[in-house]
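In what follows, a single structure is set out as structure tokens and then discussed.
Only the coordinates and a few stated rules stand behind these numbers; no lab work does. Being a predicted model, the structure only gives us computed values, none of them experimental. For neighbour counting, all protein chains shown are included, and Cβ atoms are generated from backbone atoms with ideal geometry for every residue, glycine included.
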Amino acid sequence: MGFVKEFKEFAFKGNVLDLAVGVIIGAAFGKIVSSLVEDVITPLVLNPALKAAGAENIAKLSWNGVAYGNFLSAVISFLCIAMVLFWIIKFANKVNKKEAPAPAGPTEDQKLLMEIRDLLKSKNI
């Protein structure tokens, strides 16, 4: 098998393409979440702490020489991503939930065996 043919089979398999799409969407989603955390949530949550500490941005937020502002921002970001992923998976599970198929009836062999069983019971054997 030629190199080009092997590469084509590898590169255009469904799993590889699905992974590529997932990575691209994940990168875009990461930017959205980062913006949400840095531009919306962090200022709402940390503005009182920033004012009390006398810091103008989160990177300078510290307590007893320990800078915790960036860590706090990362924790908030993680919690937002985890919550959104939870909702996505919960929704996907709800959509993909399939009802169990009705059990199939007995096969011809099983029907015949049940008839034999019933006949033997009726004759008390």
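Across all Cα pairs in the stretch 1-52, the calculated P(r) in 5 Å bins from zero up to the longest distance comes to 4, 17, 12, 12, 10, 9, 8, 7, 6, 5, 5, 3, 1, 0 percent per bin. When trypsin sites (Lys or Arg not before Pro) are flagged only if DSSP places them in a loop and at most 11 other Cβ atoms lie within 10 Å, the longest unflagged stretch of the chain comes out as 14-96. For the pair residue 95 and residue 21, label points projected 7 Å from Cα toward Cβ lie 1.1 nm apart.
Rg and Dmax of the chain, both derived from C-alpha coordinates alone, stand at 30.5, 96 Å. A DSSP coil position with no more than 11 other Cβ atoms inside 10 Å describes the following chymotrypsin sites (Phe, Trp or Tyr not before Pro) in the stretch 1-87: 12. Ranked by the mean number of other Cβ atoms within 10 Å of their residues, highest first, the peptides 15-21, 99-105 fall in the order 15-21, 99-105. In percent, rounded to a whole number, the relative contact order of the stretch 11-88 is 24, using alpha-carbon pairs under 8 Å and six or more apart. With the biggest extent put first, the Cα atoms of the stretch 80-125 measure 71, 19, 10 Å across the principal axes.
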